[in-house]
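Peer 1: Starting off with a structure, shown below.
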Amino acid sequence: MSGHGAPVITPDGSDLRVAIVAASWHTEVMDGLVAGAQRGLAEAGVRDVPLVRVPGTVELTVACARLAPAYDALVALGVVIRGGTPHFDYVCSGVTTGLTQVSATTGCPVGFGVLTCDDDAQALDRAGLPGSSEDKGHEAAVAAVATAVTLGALAPRTLGA
């Protein structure tokens, strides 16, 4: 949702229940992502947002799957930095697929705030820290709330319709 032409969205999430699920690995990046998500949710009017910490990015999927039935939206935050092995590709693919499946099977929007970067500098530049060019935590939170608001406005689907 960032870059030239990105929409400016300010949804009203004041009656939504939203939780943030964040990896613990890479403290500086994660602190920026969490702060951005919290700011985005506050701007949308979302209150009393729990923060659930998991060890790493790969654990986001199982935590979101457990939480989804109790929330209107979730914000998943993590960071994966490329190393010298294919582990990066496996984690990125698994987390992306897993979070998409959680959202699709539960109907609970999951704002995707997982950074997939070649190095620490890229992650820091996307984490919403002072001097960062992007704020992916904020973007993920706003996307989750906007999707939950849209889903709430849709008429329930009936069989045979």
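The values are calculated or read from the model by the stated rules, or taken from the named source; none is laboratory data. Quick caveat, the model's predicted, so the values are computed rather than measured. Glycine gets a Cβ as well: all are built from the backbone with ideal geometry, and neighbour counts include every protein chain shown. Just the protein is used for accessible areas: all its heavy atoms, side chains included, with ligands, DNA and RNA removed. Shrake-Rupley method; radii C 1.70, N 1.55, O 1.52, S 1.80 Å.
Peer 1: Please enumerate the residues belonging to the range 38-57 that are part of a loop (DSSP other than H, G, I, E, B) and not acidic (Asp, Glu). I'd like the intermediate steps shown before the answer.
Peer 2: Our first condition is that a residue be part of a loop (DSSP other than H, G, I, E, B); within the range 38-57, this holds for 44-50, 55-56.
If the condition is that a residue be part of a loop (DSSP other than H, G, I, E, B) and not acidic (Asp, Glu), then ALA44, GLY45, VAL46, ARG47, VAL49, PRO50, PRO55, GLY56 are the ones that fit.
Peer 1: Checking the structure you have, find out if any residue of the range 107-128 is more than 23 Å from LEU41 (Cα to Cα), of a type in the set (Gly, Ala, Ser) and either at pLDDT 95 or above or open to solvent by 50 Å² or more (accessible area, probe 1.4 Å) (or both).
Peer 2: yes
Peer 1: Pairs, please: C-beta under 7 Å, at least 6 apart or cross-chain, first residue closer than 16 Å to GLY137 by Cβ and in the range 7-23, second assigned to a strand (DSSP E or B) and at pLDDT below 95?
Peer 2: Nothing qualifies.
Peer 1: Can you work out which of the residues in the range 1-42 that are touching a strand residue (DSSP E or B) at 6+ places or on another chain (Cβ under 9 Å) and among the polar types (S, T, N, Q) is modelled with the lowest pLDDT?
Peer 2: Looking at the filtered set, the residue picked out is SER2.
Peer 1: Let me ask something else about it. Name the residue that is surrounded by the most Cβ atoms within 10 Å (Cβ to Cβ), counting only residues in the range 50-103 that are modelled with pLDDT of 95 or more and charged (D, E, K, R).
Peer 2: ASP72
Peer 1: Continuing with the same structure: Would you call GLU134 under 21 Å from TYR71 (Cβ atoms), of a type in the set (Asp, Glu) and either in contact (Cβ under 8 Å) with a residue 24 or more places away in the chain or surrounded by fewer than 17 Cβ atoms within 10 Å (Cβ to Cβ) (or both)?
Peer 2: It is false that GLU134 is under 21 Å from TYR71 (Cβ atoms), of a type in the set (Asp, Glu) and either in contact (Cβ under 8 Å) with a residue 24 or more places away in the chain or surrounded by fewer than 17 Cβ atoms within 10 Å (Cβ to Cβ) (or both).
Peer 1: Follow-up. Mind checking which residues of the range 69-80 are within 13 Å of the chain's Cα centre (by Cα) and of a type in the set (A, V, I, L, M)?
Peer 2: Scanning the range 69-80 gives ALA73, LEU74, VAL75, ALA76, LEU77, VAL79.
Peer 1: Further, regarding this structure: Answer yes if at least one residue in the range 29-45 is on the phi > 0 side of the Ramachandran plot and open to solvent by less than 20 Å² (accessible area, probe 1.4 Å), and no otherwise. Step through it out loud before you land on a result.
Peer 2: Step one: list which residues in the range 29-45 are on the phi > 0 side of the Ramachandran plot, which gives 45.
Narrowing the set further to residues that are open to solvent by less than 20 Å² (accessible area, probe 1.4 Å) leaves 45.
Checked against the condition, which is being on the phi > 0 side of the Ramachandran plot and open to solvent by less than 20 Å² (accessible area, probe 1.4 Å), the range 29-45 yields at least one hit.
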